[in-house]
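**Q** Quick one: the structure is below, questions incoming.
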Amino acid sequence: MKTKLFVVAVMVAALLFVGCSTFTPMQGNNVLATDNFEVLGRVTLEAATNKSGFTLLMDEAKKQYPEADDIINILVDGKKGPFGKVEYIMSAVVIKYVSPTAQ
């Protein structure tokens, strides 16, 4: 009986340590050259799932920031509406490219 209790205790302890581990990314490509663009701001757009995408988000960025050249760090989230209808909430950082500073 003591042996079974010990084995169960060891298994529970092992599961706690394994189950509570934190995962870290294997690769991070988050290095960004910041000397060739200027951040203009953030743009957010809510759209139906069949009417969403990069082009719509870029068009919204151009409306808010006419001098925008590109959008980066795009985030997409979902929101459930009535009757199970899903909408995407897309946001991104709006940038304008500039000449690199002379060295």
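The values are calculated or read from the model by the stated rules, or taken from the named source; none is laboratory data. The structure displayed is predicted, hence computed values, not measured ones. Here the Cβ positions follow ideal geometry from the backbone for every residue, glycine too, while neighbour counts run over all protein chains shown. Areas reflect the complete protein model, heavy atoms only, side chains present, ligands, DNA and RNA absent. Shrake-Rupley method; radii C 1.70, N 1.55, O 1.52, S 1.80 Å.
**Q** On a 1.4 Å probe surface of the protein chains, which of 58, 11 comes out largest in accessible area, and what is the full order?
**A** 11, 58
**Q** Under 12 Å from the Cβ of residue 69, count the other residues' Cβ atoms, weight Lys and Arg +1, Asp and Glu -1, and hand me the total.
**A** Neighbourhood net charge equals -1.
**Q** To continue, here is another question. How much length would be gained if the chain were fully extended between residue 73 and residue 98, taking 0.36 nm per residue of separation minus their Cα-Cα distance, in nm to one decimal?
**A** 7.2 nm
**Q** Same structure again: Can you sort 89, 71 by solvent-accessible area, 1.4 Å probe, largest first?
**A** Correct descending sequence by accessible area is 89, 71.
**Q** What ranking of 65, 97 comes out by heavy-atom accessible area, probe 1.4 Å, highest first?
**A** Largest to smallest exposure gives the sequence 97, 65.
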